[in-house]
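J.: First the structure, which I've put down as C-alpha cells, then a few questions once you've had a look.
Every read-out reported here was derived from the displayed coordinates using simple, explicitly stated rules and does not represent laboratory data. All of these numbers come straight from a predicted model, not from anything done at the bench. Cβ coordinates were reconstructed from backbone atoms using ideal geometry, including for glycine residues, and neighbour counts include every protein chain displayed.
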Amino acid sequence: MTAVLEVKDLHAAVDGKEILKGVNLTIRQGEVHALMGPNGSGKSTLGYVIAGHPHYEVLEGDILFNGESILDLSPDERAKLGIFLAFQYPVAIPGVSFANFLRAAVSSVRGYRDRIREEMERTGQFKEVGSELIPMREFRKELMDTMDRFNVDRSFARRYLNDGFSGGEKKRGEVLQMAMLKPKIAILDESDSGLDIDALRVVADGINKLVADGMGALLITHYQRILNYVKPDQVSVFYNGQVVLTGGPEVAEMLEEKGYGWIEEHLEELQSEKIAS
Amino acid sequence: MTTKTMIKQTISVAAVKAISDRYDEPEWLRQARLAAWENFVAMPWPTYKEETWRRTRLTGFHLEDFELPQTEVATFDDRQHLPEDLREALDKIDSAGALILQDGQVVYYEFDDSLARKGVIFTDIRSAIRTHEELIKVHLAALTPADENKFAALHYALWINGAFLFMPKHLTVDKPFQVLVLQSAGVANFHHTLLVGEENSEAVIVEDFIGSRQGMSDSVSEVFTKQAARMHYLRLQNLDESAWNFSTQRASAGRDALYRQLQASWGSKLSKVWIDLELEEPGGHGELLGLYFPQDHQHIDHHTNQNHRVPRCTSDLLFKGALDDHARSVYQGLIRVWPGAQKTDAYQKNDNLILSDHARADSIPGLEIEADDVRCTHGATSAKVPEEYIFYLMARGLSRRTAVRMIVQGFFEEVLNRVPVPGVRDKLEAEIAHRVGIE
Ligand SMILES: Nc1ncnc2c1ncn2[C@@H]1O[C@H](COP(=O)(O)OP(=O)(O)O)[C@@H](O)[C@H]1O
Ligand SMILES: [Mg+2]
C-alpha cells in the first residue's frame, strides 16, 4: 500500500498566535512535493505540527496518515508510523553519539523495543539490558554501508549529535538519519539552505535515492535551486500560513521568474481560483 | 532471637582503647587514637554558621544510633567461592590485585606475586602495620590530620582497617588495584585509604563503597603522588540510600607529578565529602572529576579545594550532577593560589542537570588568588533538560524516557570519557542508566 499523508484545513498556533491558517496538502509515498514560500510564512511551523511538536496547538483541521488522524499521537509514535522531519535547525546534543542515538532510534522505529516489551510481559521474564536494541554487528554494518552510500563521512558515527557541526554537516546528518530510519513520508525543512554546491549535490542525491526506494518527500524550500537536482512531482506555494497555489514543476519555474512579490500582488485571484476549483 | 551475648559496643573512649587493645597496636598508634579522640571531643558539632555546613544539615543524625563493628566475617581463599555479587564485581575489572574488606575485616585478598617481588605493597593497613610499620607510621595522617574536621577526628580515633598501596620508584602497573569496602547494616565504619606513589611510579586504584544500610561511613583517604609519579584514584560510592556518609580526602602532587581522581557519589542518604588537592612542588598537575545523581530525598555535598602552593602547577576540576525527585546537591569549590605561585593554571567547573521541579542544586565556585601571573577559570551551570532536545530525539522514534536517558548520559559523557578503566566506565554507565530508569 502506498502511504499518504494528508493535511486538511489545518489551523495551528504557537504561543497563542495563529500561524497556520487552513493548510491543505497531500504527500504520497514515492513522490516529491515541493513547498515553496517566503521566510516567516509558516513552513517550519507546518513541519513541526506534522511531527507533533508539543509547543504548537492545532486549532482546527486534521492530519491524516493513511486516512487516520495522527493528531493524538506523540512525536515518537508518529516516527514509528514512518513520518520523519529533517529539521531546518537541528539541535546539538552534547555527549550523544550518532551511532548510539541511531541504534536506539532504529531499534524503536523497527519495533525491536516493542517486541521485547511484549515478550517480557508475556513470559514475565526480564531480558538483559541491550536486548531491546538491534544487534550491534548488524547495526554497525548497516550504518557503515549507509554512510558510504550516502556520501557521509564514517567519522560521523562517533561524533556527538550536531555538536560543533557546520551547517552543511548538520544537513548531511539529517539525511543520514533519514536513510537509516527509512521513513515512508519525510518532511525536509530547507535541507538545501546554507549549502555549497557540493554539499547540495550530496543532499539532493540522498533524497533522490530514498525517493527511488519509495519514500515520499515534502521538500520545503525557499529557493528554486534544489529543484534542479530533485525533480518535484508537485509544487505548492505557501504564503502567510496557507497553500495558495499547487501545480506541477512549472509552478516553481514561474515563481523563479516572477518572485514572491507576484504572489502577493495576485493573492486574491489565487485564493478565489482555489475556491472556484 | 539469637543467643549471642554480645554487648553493643557504642562510640566512646572505651571503644577507642578497646580497638587498640584488640589489635595490640604499637604505642604511637594508640597515642594517635587517643589524641584524635580528644580532638573529636573538643571540636564542636558543625552548625550552619560554618561556611562548609551552611547548606547541609545533620538533622536526624545521632552517633548513638550506630554500633561499632563486632561480628567476625566469613573469609574466602578462592575467588570462585566468593558470593556471586562479589565475584561478579571483581570479575568486571581485570586487576593487579583485589582486596575485599567487610567492616574492616579482610574477606578476600589476592595479589600478583611478581609485583610483590618488584616492591609493590598492596594489602590491608592492619597487615601492613605488622609487615611495614615504618611506612605506615610515616604516612598515616601525614596528609589528612586528625584535627582536619570533627569527622576526621572521629575517624582517626576509631578506624580499624583500610587499603594500603605502596608503589616503588620507577614502576608502572597498568592494571588497576581493586578494593571493595563492604559495610554492614547499622554499623559505623571508618575505612582508611593510604596510597603512596614513589618517584616516577604509576598506578590505578579503584575503590567501591557498598552497603551501610542505616549505617554510617566516615572515611579518610590520603594519596601521596611523589615526584613525576602518576596516581589514578577512582572512588565509587555506592552506599545504601539510608547511609550517612562523611569523607575527608586529600591528595598531594609532587614535582611534575600527575594526580587524577574520580569521585562517583551515587548512594547514601546524605554525603558530605571534602576533596583537597595539594600542589606542593612545581610542575604538578591534578585532575578532579566528580559524578553524582541523587534521587528521592538524597543530599549530596562536595566541597573541593585546589591548593596551588607553588609556581607552575595546573589543576582541572569537573563535577557533573543530575538531580531528580526531591534531591539536593551542594557543590562548593575553591581554587586557592598562594603568594608566589606564579604560572598557575587552574580550572574548575560544576554543571548540573535538573530533572525535576523539586530538585535543587547549589553551586558555589570560588577563587582566592594571591599571585598575579596566573590563569584561573571557574564556572557553574544549572539547567533543565531542554525540551528542544527531547522533541528532536522523539521525532526520531525514541520514547520520552529513552530520550531523557540519552540526554542525561550524554551530559555525563564529558566525565565518563576521562575514566581510564573501561570496566569502571561500564559500571558508571550502568548506574546512570539504572538511575534514569530503563523502560
Ligand atoms: N514562539 C513563537 N511565538 C510567536 N510567533 C512565532 C513563534 N515561533 C515562530 N513564530 C512566528 O511564526 C511565523 C512562521 O515561522 P516559521 O514557521 O518558522 O516560518 P518559515 O519556516 O516559513 O520561515 C513567523 O512569523 C514567526 O515569527
Ligand atoms: Mg523555516
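J.: Could you run the Karplus curve 6.51 cos²θ - 1.76 cosθ + 1.60 with θ = phi - 60° over segment B:92-99 and give me ³J(HN,Hα) per residue in whole Hz, x for Gly and Pro?
T.: 5, 10, 7, 10, 8, x, 9, 9
J.: Report, as an integer, the average count of C-beta atoms from other chains found within 10 Å of each Cβ along B:400-411.
T.: 4
J.: Classify chain B as rounded, prolate or oblate from the Cα gyration tensor: take a ≥ b ≥ c as the square roots of its eigenvalues, call it rounded if a/c is under 1.5, otherwise prolate when a/b beats b/c and oblate if not.
T.: Verdict is rounded for chain B.
J.: Let me ask you something else. Quickly work out the residue B:131-to-residue B:91 label distance, labels modelled 7 Å from Cα along the C-beta direction, and quote it in nm with one decimal.
T.: Going by the 7 Å Cα→Cβ label model, 2.8 nm.
J.: Right, here's the next one. Write down Rg/Rh for segment B:385-439, rounded to two decimals, with Rg from the C-alpha atoms and Rh from the Kirkwood relation over Cα pairs.
T.: Ratio of gyration radius to Kirkwood radius: 1.03.
J.: With the crude spin-label approximation of a point 7 Å out along Cα→Cβ, what separation in nm comes out for residue B:74 versus residue A:1?
T.: Here the modelled spin labels are 6.0 nm apart.
J.: A follow-up question, please. For residue B:400 and residue B:372, compute 0.36 nm times the residue count separating them, minus their Cα-Cα distance, and round to one decimal in nm.
T.: This chain segment gains 5.1 nm when fully extended.
J.: Please build a GNM for chain A, connecting alpha carbons under 10 Å apart, and tell me which residue among A:108, A:191, A:236 fluctuates the most.
T.: A:108
J.: Across the residues of A:100-108, average count of Cβ atoms on other protein chains within 10 Å?
T.: 5
J.: Taking every Cα atom in segment A:91-164, find the radius of gyration and the maximum pairwise distance Dmax, and write them in Å.
T.: 14.5, 45
J.: Moving to a separate point now. What number results when the radius of gyration of segment B:139-188, computed over Cα atoms, is divided by 2.2 N^0.38 Å?
T.: That ratio works out to 1.51.
J.: Give the Debye-formula value of log10 I(q)/I(0) at each listed q (0.15 Å⁻¹), with one equal scatterer per alpha carbon of segment A:58-201, two decimals each.
T.: -0.86
J.: Given a Förster distance of 35 Å, report the FRET efficiency between residue A:166 and residue B:242 from their Cβ-Cβ distance, rounded to the nearest 0.05.
T.: The computed FRET efficiency comes out at 0.10.
J.: Just to verify a number: FRET efficiency for residue B:54 and residue B:24, C-beta to C-beta distance, R0 = 41 Å, to 0.05?
T.: 0.40
J.: Please rank B:292, A:56, fewest neighbouring Cβ atoms within 10 Å first, as an exposure proxy.
T.: A:56, B:292
J.: List the residues, sorted by chain then number, that are 5 or more residues from residue B:362 or on another chain and whose placed amide H is less than 5 Å from its amide H.
T.: B:329, B:330, B:331
J.: Please enumerate, by chain and number, the aspartates and glutamates with C-alpha under 18 Å from the C-alpha of residue B:343, excluding those fewer than 8 residues away in the same chain.
T.: Reachable aspartates and glutamates: B:256, B:278, B:280, B:281, B:287, B:316, B:368, B:370, B:372, B:373.
J.: Something else now. Can you give the convex hull volume per residue for the Cα atoms of segment B:69-206, as a whole number of Å³?
T.: Value for segment B:69-206: 121 Å³ per residue.
J.: Let me ask something else. What relative contact order, as a whole-number percentage, does chain B give when Cα pairs under 8 Å and 6 or more residues apart are counted?
T.: 9
J.: May I pose another question? ³J(HN,Hα) across segment B:389-405 via Karplus (A = 6.51, B = -1.76, C = 1.60, θ = phi - 60°), whole Hz, x for Gly/Pro?
T.: Per residue, the Karplus-derived 3J(HN,Hα) values read 5, 4, 5, 4, 6, 5, 5, 9, x, 7, 5, 4, 5, 5, 4, 4, 4 Hz.
J.: Quick one: what are the phi-derived ³J(HN,Hα) couplings along segment B:294-305, Karplus 6.51/-1.76/1.60 with θ = phi - 60°, whole Hz, x for glycine and proline?
T.: x, 9, 6, 10, 4, 10, 10, 10, 10, 10, 10, 9
J.: Give me the lysines in straight-line cross-link reach of residue B:49: C-alpha distance below 28 Å, same-chain residues under 8 apart excluded.
T.: B:150, B:269, B:272, B:320, B:349
J.: Which of the lysines could a cross-linker span from residue A:17 if the Cα-Cα distance has to be under 22 Å and same-chain partners fewer than 8 positions apart are dropped?
T.: Cross-link targets: A:8, A:43.
J.: Is there a quick way to get the dipole size of segment A:91-164? I mean about its Cα centre, with the Cβ of Lys and Arg at +1 and of Asp and Glu at -1; what is the value in debye to the nearest 20?
T.: The calculated dipole for segment A:91-164 is roughly 120 debye.
J.: Please list, in chain and number order, the residues 5+ apart from residue A:61 or on another chain whose amide H is under 5 Å from its amide H, with Hs placed from the backbone.
T.: It is A:11, by chain and number.
J.: Next question, about the same structure. Can you give the FRET efficiency to the nearest 0.05 for residue B:147 and residue A:262, using r as the Cβ-Cβ distance and R₀ = 56 Å?
T.: 0.10
J.: Could you pull out every residue, at least 5 positions away or on a different chain, whose amide H is within less than 5 Å of the one on residue B:258? Hs are placed 1.01 Å off N in the peptide plane, and Pro or chain starts have none.
T.: B:229, B:230, B:231, B:285
J.: Further question: Take every residue in peptide A:91-99, count the Cβ atoms of other chains within 10 Å of its Cβ, and give the average of those counts.
T.: So the per-residue partner count for this stretch is 6.
J.: Using every Cα-Cα pair within segment B:152-256, state what percent have a distance larger than 20 Å.
T.: Counting pairs separated by more than 20 Å, the tail of P(r) holds 40 percent.
J.: With equal scatterers on the alpha carbons only and no solvent term, can you work out the Debye log10 of I(q)/I(0) for the protein assembly as shown at 0.12 1/Å?
T.: For the protein assembly as shown at q = 0.12 Å⁻¹, log10 I(q)/I(0) is -1.23.
J.: Per residue and in Å³, how big is the convex hull formed by the alpha-carbon atoms of chain A?
T.: 146
J.: Continuing with the same structure: Between B:168, B:386, B:311, which gets the highest mean-square fluctuation from a Gaussian network model of chain B, Cα cutoff 10 Å?
T.: Result for chain B, Cα springs under 10 Å: B:386 fluctuates most.
J.: Right, something else. Give me the one-decimal nm value for the distance between modelled label points at residue A:91 and residue A:213, 7 Å along each residue's Cα-to-Cβ direction.
T.: 2.7
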